[in-house]
Amino acid sequence: MAAGSHWRRLRSAAFFILCLTAAASSHGAIGDTVTTQKKIISQILIGAGPGGSSYYMRADGGWGATGCAGALYAYIDESLPGAEAVLSAALTARSTGKPISFIGICGDSAGSGEYIQIRTVIF
């Protein structure tokens, strides 16, 4: 095999790997900041545990966040600043049937992609 042909194949392989890496990283991952679709809250859960309470919001079919497609729940720990305001906005959205969306971190403390840690409410 000629040296020029070898280098062309090597460049093609490197370009292919670069494209795969870019495509994979564009989908997001646990720990990435994501934005949910605007949806109507179907359920609000308040979970109490030894470390405190958390407020969970669920939308039928999940939250549809690009980069966190498996997220079923958006949640916030009650100990965080603004948690009561988030709960108030969620209760208002639920009772009025208005769609709401969240900006947050994909995954919970255990790394589950079924959760988004709420940082911002868009109502």
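Among the residues of segment 89-123, what is the count of those that are in a loop (DSSP other than H, G, I, E, B) and within 16 Å of Thr66 (Cα to Cα)? Spell out how you get there, then give the answer.
If we filter segment 89-123 for residues that are in a loop (DSSP other than H, G, I, E, B), which is where we start, we get 97-99, 107-114, 123.
Restricting the remaining residues to those that are within 16 Å of Thr66 (Cα to Cα) gives 107, 112-114.
Selection size over segment 89-123: 4.
If a residue must be open to solvent by less than 30 Å² (accessible area, probe 1.4 Å) and part of a loop (DSSP other than H, G, I, E, B), how many such residues does segment 67-88 contain?
Of the residues in segment 67-88, the ones open to solvent by less than 30 Å² (accessible area, probe 1.4 Å) are 67-68, 71, 74-76, 83, 86-87.
Those left that are additionally part of a loop (DSSP other than H, G, I, E, B): 67, 71.
Going through segment 67-88 one residue at a time, the tally reaches 2.
Here is a check on your reading of the model: is Phe102 crowded, with 21+ Cβ neighbours inside 10 Å and either aromatic (Phe, Trp, Tyr) or over 18 Å from the mean Cα position of the chain (by Cα) (or both)?
The answer is yes for Phe102.
Name every residue in segment 40-66 that is open to solvent by 80 Å² or more (accessible area, probe 1.4 Å), in a strand (DSSP E or B) and either touching a helix residue (DSSP H, G or I) at 6+ places or on another chain (Cβ under 7 Å) or modelled with pLDDT under 95 (or both), in order of residue number.
Listed by number, the list holds a single entry, Ala48.
The values are calculated or read from the model by the stated rules, or taken from the named source; none is laboratory data. Small disclaimer: the values here were computed from a predicted structure and weren't measured. No Cβ is skipped: glycine too gets one built from the backbone with ideal geometry, and neighbour counts run over all protein chains shown. Note: accessible area is taken over every heavy atom of the protein model, side chains too, but ligands, DNA and RNA are not part of it. Shrake-Rupley method; radii C 1.70, N 1.55, O 1.52, S 1.80 Å.
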